[in-house]
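Where a number appears in this text, it was derived from the coordinates with a stated rule and is not lab data. On a predicted model such as this, the values are computed, not experimentally measured, just so you know. Backbone-built Cβ (ideal geometry, glycine too); neighbour counts: all protein chains shown.
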Amino acid sequence: MRIFENYPEDSICPVCGTSENKQCMLVPIDNSKHSDGDNVEAIPVHLVCILNNIRYSKAHGLMGLEANN
C-alpha cells in the first residue's frame, strides 16, 4: 500500500474522527470491487491511527480497527 504525506482536506479519518494533516493510507472498503475486477473504493485513514489502534482476535482470526464514524 502507498503512504500519502498529506490527508485530504475534505475527508474525516474513521478512527480518530479528524481531518488533521498527517500521513495516511487508502484502506479498501469491503465489497466494493468494481466490475473490472481490479479497482475498489477506499477511504483515507491516518497512518498513526492504524499503527496505534490495530488489533488481532485469535478467537475470530481477524485483524482490524474500530472505527468511530
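Neighbours of Tyr7, meaning other residues whose beta-carbon lies under 11 angstrom from its beta-carbon, give a summed charge of -3 when Lys and Arg score +1 and Asp and Glu score -1. Relative contact order for the chain: 32 percent, from Cα pairs under 8 Å spaced at least 6 residues apart, divided by residue count.
For the stretch 40-47, the Karplus equation 6.51 cos²θ - 1.76 cosθ + 1.60, evaluated at θ = phi - 60°, returns couplings of 9, 6, 9, 10, x, 9, 4, 4 Hz by residue, with Gly and Pro reported as x.
Tell me which of Leu65, Val15, His46 sits at the most positive position along the dipole axis of the chain, charges placed on C-beta atoms (Lys, Arg +1; Asp, Glu -1). Toward the positive end, the furthest listed residue is Leu65.
Dividing the convex hull volume of the alpha carbon atoms of the chain by its residue count gives 112 Å³ per residue. Build a GNM of the chain with springs between Cα atoms under 10 Å: which of Ile29, Ile12, Ile43 gets the top mean-square fluctuation? For the chain, modelled as a Gaussian network with Cα springs under 10 Å, the answer is Ile29.
Between the exposed loop cleavage positions of the chain, defined as trypsin sites (Lys or Arg not before Pro) in a non-H, G, I, E, B DSSP state with at most 12 neighbouring beta-carbon atoms within 10 angstrom, the longest gap is 3-57.
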